[in-house]
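Below you'll find the structure, written out as structure tokens, and then a few comments.
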Amino acid sequence: MKDRYNPHEIEEKWQRRWAESRIYEAEPDDRKKFFITIPYPYLNGNLHAGHTRTFTIGDVIARYKRMLGYNVLFPMGFHATGTPIVGLAEQIQKKDPETIRVYNKLHEIPVDVLDNIQSPEQIVEYFSREAEAAMKNIGFSIDWRRKFTTTDPHYQKFITWQFNLLQSKNRVVKGAHPVRWCPNDENPVEDHDILKGEDATIIEYTLIKFKLDGEILPCATLRPETVFGVTNLWVNPKNLHVKIKASGETWLVSKEAYEKLKFTDKKVELIGEVSGEELIGKKVENPLTGAHVLILPASFVSPENGSGIVMSVPAHAPYDYLALRDLKGADLTKYGITEDVSSIPLISLIKVPEYGTYPAVDAVTELKVKDQKDPKAEEATKLVYRREFHGGVLTETTGKYAGMPVSKIKDVLARDLIDQGIADVFYEFSEQPVICRCGATCVIKMVENQWFLNYSDTSWKKQVYKCLGGMQIIPPEMRVDFENKIDWLKDKACARRKGLGTRLPWDREWMIESLGDSTIYMSYYIIAKYLDKFEPGQLKEEFFNYCLLGEGKPEDVEAKTEIALDIIESIRSDFGYWYPVDLRTSGKDLIPNHLLFFLFHHVAIFPEFNWPRAIAINGFVSLEGEKMSKSKGPLLTLKSAVKEFGADVTRLYILSTAEHVQDADWRAADVEATRKQVERFYKMAYDIINEKDTGELKLIDKWMLSRLQYRIRETAEALNKIQTRRSVQNAFYMLMNDMKWYERRGGKAARKQILHTWVRLMAPFTPHICDEIEEKLDGNFISLSRFPEADMSLIDKSAEFAEEILSNTLRDIEEIIRLIKIKPKRIILYTGASWKKAVLKRAIMMKKENTLDMKSLMNALMSDPAMRAHAKEIPKYAQKVITDIQGIDNELMNSLVEVELDETSALKEALGFLSHEVECNIEIYSADAPGYDPQGKSRNALPMRPAIYIE
RNA sequence: GCGGGGGUAACCAAGCGGCCAAAGGUGCAGGACUUAAGAUCCUGUUGCGCAGGCAUUCGUGGGUUCAAAUCCCAUCCCCCGCACCA
């Protein structure tokens, strides 16, 4: 150990020794096991501060559990499945300037290296090497023998097995689903492919098929229940409409709607054109109610929205009401309409507390909307919609639906209408337009014959609920989040046309989607150690069925796969030992996807005793207050953080700056401060090691040992809850402050003993520096030693009280000196009179018995002859004590009566220290025998609070 | 809109019914050490106060309580997710 702290030298040294001694290579034995996993990183870039946080939390827990005596398995792999890596390869090949910039500047890859990673395979190779090196440099205690990449042929066998199994359990189904689609690229568009309209979501409309002489006028609506209140349809006379064949029916829609329908699952065919004007004046039949209603002209109808034909519900839709009102007195004879349409009776079907029979009318009146072109019409629409949705109930008009809340009706009614063949589903973007990077306007396409995992299956969800119920979720507040997300999860497309990965075994045109192939791979870590024992081709289903599920006979597996029997048995027994996953820690972004799928697939495949035990969630990392971005910057790589500050400092900082789901902020200035603190720790340890402990334990040593026990207990409690911030706070900063005070008070005797404990307390956080120190203490690897246990017998309340009195008194003296602005020549302390102590104790006792009041206290006191000498002073003090006690918590009260402390002698022991601190001679008396007391200050002395006289 | 998280002193951040004017870190100011700088160590950092005190603070407004940053109600503001994408 050198006198100066050189993190890189120390870290390199210990990482090498750890690797040489293989201390993190876990094998089953008779200890209790702990299997911790962290989502493997996706290899389209270098590891960054976000990974640093999640992984370091995992490593700290792994190290902590190891020191608690668990046999810890902490493995790591790499994720390469999916499209981004392929996309990246294309960009690099094209030498796309932005990509080159991002990967050169943000991911810190030299340009000449970039030239050499052109193919997806090279990218995977490069980033996995970099990631492994980075994780080693920060000192993660990973068993590297188990690493793998999801594009490995062995792994593909594993995924193939998994999907065949899911298929056989009817968890994979065929269906169609809508995606954002670029008609130009003929590809689904992802968020980063979108130029404009990134926030647009796909909204499901119900298309209600009004009938006109055997032809159909479909109206798109978000509120299918209002079909009961339709009084007419709206068509914009200025728009061009088309007549099309749609799955055997003849439809009339806007030209734009026809373009959209081409991408749906309907077969559409253009037959002819119809102007808006032609349609107006005709009567259509409401398919649900059978009512015949007029088609009327309205200017607000946009051909871009829905079908270009709108059903009118003036009782509940302000636009409809306004358009109808706007027609008052209009001459519609050119459409062949002679009746006064403004007198068409409104049909109310929703009762809502805020409004009368016709909410739309009330809203228009309330907001004073002029006409359908008034911007306030939009506002009124939203208002009515909101109120009706949340507080509305369907009226008798809706027949069997009467009494149902509006918020519950949409899905039910839409389903019913579709089943009756009088409605369809129509998808529309929430924002328009959505523009692809290539410049084309995106549409919504129905991808057909798509493979889905049927997560929406209620029996599956029920199993997941059961699994979740038996799990620990950390922090516990996140449990409700998981529950919500389980409810919300729908069927998920599990196959794609392009990207890296494994083919769907029964439909080889499809690649298994990348989130689906990373759900149960934790079990693969157990196999991964044995990859040199067999070829991918030998990994037949029987192998996995036996090793992971215990199905079949090992001899049969041997016969089928030609894998040696002892290997098969060994894997099976390893699996039995290590599984299930005891803890998975992850960033919060993975809750609604990966972590959910992790649970779904586990319950689908494994028996209940192999379901995961716990999940811990952590937040993101920002840089100097700015959100970090892999593709836009800013970005801080793990590698460069360690290079600049060292592994231990990086670890300590990232752990201490935020707790659980809170986001952490990386601030270089604060990291620098942490570096100094670590340096101080190193220096302190160095000094302690090179000094001899002296003397026997004094009060201050007992105080220090007492404090240490609290720090240990807090640290352990925090780590048990994966509160890394709190644990670092206690194990490092608080203990550091205790040590400073201890040394300032001249404490020496316990320093080495403290250090012994301290390095072990710190070892999970800063393993390198701790091993460096431990080498000089015990010489063994610190991660193989035991984590400290708080020894409650070393808790010394009286030493703590003494120290508290001392520091409070010191602060008081200094405050007085500051206020009276003199250089003190003589200071006298008077400790509280013993009768006051007696009063206090008696009062506390009575308070605990719930019998404390002035009268009974006085009675009790006065029955004691020794008290009578102070009969004059007692009432006033007793009154004060009674009020003071109100504000004391129980623990303190207990201590106050239990602890026997001679304040006078305790202060006398610290007299030298006190006098030195205030640079003035100090004398101490008990108020029982004050001696020199010119101002009678001793009367003010209280228990735990000496009076002070300064001259 | 729905769901989740959050608003605490110059900043980050703990506390979630009583030793709370509020942990810890940072910044800032003063002091010690040093030829000096840095590092380190002390002290202070809401206001007032020439004896250890008092007054006012924890988004805002009410309420419960002997006692509220902490509990209840209302209200305002900020962040994240809402999917086929890793």
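The values are calculated or read from the model by the stated rules, or taken from the named source; none is laboratory data. Keep in mind that this is a model prediction, so the values were computed, not measured. Note: ideal-geometry Cβ built from the backbone for every residue, glycine included; neighbour counts use all protein chains shown.
Each row is one residue, and each column tells you yes or no for (1) modelled with pLDDT of 95 or more; (2) closer than 24 Å to residue A:70 by Cβ; (3) touching a helix residue (DSSP H, G or I) at 6+ places or on another chain (Cβ under 8 Å).
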{"residue": "A:733", "(1), (2), (3)": "no, no, yes"}
{"residue": "A:737", "(1), (2), (3)": "no, no, no"}
{"residue": "A:742", "(1), (2), (3)": "no, no, yes"}
{"residue": "A:749", "(1), (2), (3)": "no, no, yes"}
{"residue": "A:781", "(1), (2), (3)": "yes, yes, yes"}
{"residue": "A:792", "(1), (2), (3)": "no, yes, yes"}
{"residue": "A:799", "(1), (2), (3)": "no, no, yes"}
{"residue": "A:804", "(1), (2), (3)": "no, no, no"}
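Scan the stretch A:493-502 and tell me whether some residue there is free of Cβ contacts under 8 Å to residues at least 12 places away in the same chain, touching a strand residue (DSSP E or B) at 6+ places or on another chain (Cβ under 6 Å) and surrounded by 15 or more Cβ atoms within 10 Å (Cβ to Cβ). Let's see the steps before the verdict.
Residues of the stretch A:493-502 free of Cβ contacts under 8 Å to residues at least 12 places away in the same chain: none.
No, every residue in the stretch A:493-502 fails to be free of Cβ contacts under 8 Å to residues at least 12 places away in the same chain, touching a strand residue (DSSP E or B) at 6+ places or on another chain (Cβ under 6 Å) and surrounded by 15 or more Cβ atoms within 10 Å (Cβ to Cβ).
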(message) I need the helices (runs of 4 or more DSSP H) fully contained in the stretch A:72-119, keeping only those with at least 1 residues that are modelled with pLDDT under 90 and crowded, with 21+ Cβ neighbours inside 10 Å.
(response) A:84-93
(request) Any residue in the stretch A:821-845 that's without any contact (Cβ under 8 Å) to a residue 24 or more places away in the chain: show its pairings with residues that are away from RNA strand B (no atom under 12 Å from the Cβ) at Cβ separation under 6 Å, as long as the two are six or more apart or on different chains. (result) A:842/A:860
(message) Pairs please, first residue from the stretch A:325-340 and among the hydrophobic types (A, V, I, L, M, F, W, C), second anywhere and outside any loop (DSSP other than H, G, I, E, B) and surrounded by 11 or more Cβ atoms within 10 Å (Cβ to Cβ), Cβ atoms under 7 Å, 6+ apart in sequence or on different chains.
(response) A:327/A:296; A:327/A:341; A:327/A:342; A:332/A:341; A:337/A:294
(request) Test residue A:273 against the stated conditions and say whether it is touching an Asp or Glu at 6+ places or on another chain (Cβ under 6 Å), within 23 Å of residue A:240 (Cα to Cα), surrounded by fewer than 19 Cβ atoms within 10 Å (Cβ to Cβ) and in the same structural domain as residue A:210 (by TED's automatic domain parsing). (result) no
(message) Within the stretch A:574-593, take every residue that is in a helix (DSSP H, G or I) and more than 19 Å from the chain's Cα centre (by Cα) and give me the one that is surrounded by the most Cβ atoms within 10 Å (Cβ to Cβ).
(response) A:578
(request) Could you please find all residues in the stretch A:198-220 being in contact (Cβ under 8 Å) with a residue 60 or more places away in the chain and aliphatic (A, V, I, L, M)? (result) A:200, A:202, A:203, A:207, A:208, A:212, A:217, A:220
(message) Checking the condition within 18 Å of residue A:695 (Cβ to Cβ) and surrounded by fewer than 21 Cβ atoms within 10 Å (Cβ to Cβ), which residue from A:744, A:713, A:751 passes?
(response) A:744
(request) Say whether the condition of being under 20 Å from residue A:612 (Cβ atoms) and within 9 Å of RNA strand B (Cβ to nearest atom) is met by at least one residue in the stretch A:65-87. (result) yes
(request) Give the residues of the stretch A:138-164 that are touching a strand residue (DSSP E or B) at 6+ places or on another chain (Cβ under 6 Å) and within 25 Å of residue A:49 (Cβ to Cβ), sorted by residue number. (result) A:149, A:150
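Are any residues in the stretch A:484-499 touching a helix residue (DSSP H, G or I) at 6+ places or on another chain (Cβ under 7 Å) and more than 9 Å from RNA strand B (Cβ to nearest atom), and if so, which ones?
Looking only at the stretch A:484-499, we keep the residues that are touching a helix residue (DSSP H, G or I) at 6+ places or on another chain (Cβ under 7 Å), and these are A:485-486, A:489, A:494, A:498-499.
Within the stretch A:484-499, A:486 is the sole residue that qualifies.
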(request) Kindly indicate whether any position in the stretch A:390-404 is under 29 Å from residue A:199 (Cβ atoms) and among the hydroxyl-bearing types (Ser, Thr, Tyr). (result) no
(request) Name every residue in the stretch A:398-446 that is without any contact (Cβ under 8 Å) to a residue 60 or more places away in the chain and among the acidic types (Asp, Glu), in order of residue number. (result) A:411, A:416, A:419
(request) Being more than 46 Å from the chain's Cα centre (by Cα) and assigned to a loop (DSSP other than H, G, I, E, B) narrows it down to one of A:243, A:238, so name that one. (result) A:238
(request) For residue A:733, indicate whether it is within 41 Å of the chain's Cα centre (by Cα) and surrounded by fewer than 16 Cβ atoms within 10 Å (Cβ to Cβ). (result) yes
(message) Can you name every one of the helices (runs of 4 or more DSSP H) wholly within the stretch A:313-419 that holds 1 or more residues which are of a type in the set (S, T, N, Q), in the same structural domain as residue A:283 (by TED's automatic domain parsing) and more than 29 Å from residue A:283 (Cβ to Cβ)?
(response) A:359-367, A:406-419
(message) Among the listed residues A:514, A:523, A:459, identify the single one that is crowded, with 21+ Cβ neighbours inside 10 Å and either free of Cβ contacts under 8 Å to residues at least 40 places away in the same chain or part of a loop (DSSP other than H, G, I, E, B) (or both).
(response) A:514
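Tell me yes or no: at least one residue of the stretch A:366-385 is small (Gly, Ala, Ser), within 16 Å of RNA strand B (Cβ to nearest atom) and either more than 18 Å from residue A:329 (Cβ to Cβ) or more than 44 Å from the chain's Cα centre (by Cα) (or both). Quick ask: steps written out before the conclusion?
Within the stretch A:366-385, the first condition is being small (Gly, Ala, Ser), and the residues that meet it are A:377, A:380.
Filter once more, keeping what is within 16 Å of RNA strand B (Cβ to nearest atom): A:380.
Keeping just the survivors that are either more than 18 Å from residue A:329 (Cβ to Cβ) or more than 44 Å from the chain's Cα centre (by Cα) (or both) gives A:380.
Checking the stretch A:366-385: at least one residue is small (Gly, Ala, Ser), within 16 Å of RNA strand B (Cβ to nearest atom) and either more than 18 Å from residue A:329 (Cβ to Cβ) or more than 44 Å from the chain's Cα centre (by Cα) (or both).
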(request) Give A:668, A:673, A:658 a once-over and let me know the one that is free of Cβ contacts under 8 Å to residues at least 24 places away in the same chain, surrounded by fewer than 21 Cβ atoms within 10 Å (Cβ to Cβ) and within 14 Å of RNA strand B (Cβ to nearest atom). (result) A:673
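Of all residues in the stretch A:466-478, which are of a type outside the set (A, V, I, L, M) and either within 9 Å of RNA strand B (Cβ to nearest atom) or within 17 Å of residue A:605 (Cβ to Cβ) (or both)?
Of the stretch A:466-478, the ones of a type outside the set (A, V, I, L, M) are A:466-467, A:469-470, A:472, A:475-477.
Passing the criteria: A:466, A:467, A:470, A:475, A:477.
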(message) Only one of A:941, A:910 is assigned by TED's automatic domain parsing to the domain that holds residue A:828, of a type outside the set (Asp, Glu), within 13 Å of RNA strand B (Cβ to nearest atom) and surrounded by 14 or more Cβ atoms within 10 Å (Cβ to Cβ). Can you tell me which?
(response) A:941
(message) Restricting to the stretch A:789-823, name every residue that is assigned to a helix (DSSP H, G or I), within 20 Å of residue A:896 (Cβ to Cβ) and more than 8 Å from RNA strand B (Cβ to nearest atom).
(response) A:792, A:797, A:798, A:799, A:800, A:802, A:803, A:805, A:806
(request) Scan the helices (runs of 4 or more DSSP H) fully inside the stretch A:594-695 and keep the ones with 3 or more residues being more than 30 Å from residue A:171 (Cβ to Cβ). (result) A:638-645, A:647-656, A:668-689
(message) Every residue in the stretch A:285-309 that is of a type in the set (A, V, I, L, M, F, W, C) and within 19 Å of residue A:258 (Cβ to Cβ), please.
(response) A:295, A:301, A:309
(request) Being loosely packed, with under 13 Cβ neighbours inside 10 Å and of a type in the set (Gly, Ala, Ser) is the filter here, so list the residues in the stretch A:885-905 that pass it. (result) A:887
(message) Take the residues in the stretch A:452-511 that are among the hydroxyl-bearing types (Ser, Thr, Tyr) and over 26 Å from the mean Cα position of the chain (by Cα); name whichever of them is farthest from residue A:612 (Cα to Cα).
(response) A:502
